[in-house]
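**Student:** Okay, handing you the structure first.
Derivation of every value follows stated rules applied to the coordinates shown; laboratory data play no part. Just so you know, these numbers come straight off a predicted model, no measurement behind them. FYI the Cβ positions are ideal-geometry reconstructions off the backbone, even for glycines, and counts take in every protein chain you see.
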Amino acid sequence: MQEVRFYQYTQSPLIKVLKELLEKSLGRGQRTVVLASSTDEVESLCTSLWTTEQRSFIPHGSKIDGNPSRQPIWFTEKIENPNQASILVSIGDHHIIANDFNLLIHLIDGNNTDKVQKSISLFEQLRQRDLLIKYYFQNETGKWIEKTPPSTLGN
């Protein structure tokens, strides 16, 4: 069964949340595709992984680097799987419902009302399918708490 997770971050910047998820997937030997909104965002995120403090090196690449099959983490602006990843992390405005990945992760800026409403709407659409779906909120200390988001349907 395919799993979909939503992470609504409010206390940490996107790059910190993304790095934590990528470190976990690498630690488990899993490959990941990170889906950004644009080529500019792809390059900004790749650069951030090189220039921000981190506990360990996070091997990654994008079309600028080439050789996707050698990259455990692949950054892209389109839905693709050139590194044979099992995880897709969507950080853009992509609202993915069906895909070939085992795990789909949506990262949502909890300080952006429009993005939160769109993610809740997608959550409700996905609940109608045979998927394992989880929604996590970041509390004031940065810890992830699983709970169902408020409905946009008024239920």
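**Student:** Give the residue, chosen from THR39, THR47, that is of a type outside the set (A, V, I, L, M, F, W, C) and either in contact (Cβ under 8 Å) with a residue 12 or more places away in the chain or in contact with a strand residue (DSSP E or B) (Cβ under 6 Å, 6 or more places away or on another chain) (or both).
**Tutor:** THR39
**Student:** When you go through ASN67, ASN102, ASN111 one by one, which is the residue that is touching a residue at least 60 places away in the same chain (Cβ under 8 Å) and over 16 Å from LEU14 (Cα atoms)?
**Tutor:** ASN102
**Student:** Okay, next question. If we scan the stretch 61-83, do we find a residue that is loosely packed, with under 13 Cβ neighbours inside 10 Å and of a type in the set (Phe, Trp, Tyr)?
**Tutor:** No: zero hits.
**Student:** Are any residues in the stretch 1-30 of a type in the set (Gly, Ala, Ser) and farther than 19 Å from VAL116 by Cα, and if so, which ones?
**Tutor:** SER25, GLY27, GLY29 - these are the residues of the stretch 1-30 that are of a type in the set (Gly, Ala, Ser) and farther than 19 Å from VAL116 by Cα.
**Student:** Anything in the stretch 1-45 that is under 18 Å from THR76 (Cα atoms), outside any helix (DSSP H, G or I) and among the charged types (D, E, K, R)? List them, or say none.
**Tutor:** Selection gives ARG31 alone.
**Student:** Only one of ASN139, ASN81 is farther than 15 Å from PHE6 by Cα, polar (S, T, N, Q), touching a strand residue (DSSP E or B) at 6+ places or on another chain (Cβ under 9 Å) and in contact (Cβ under 8 Å) with a residue 40 or more places away in the chain. Can you tell me which?
**Tutor:** Only one candidate qualifies: ASN81.
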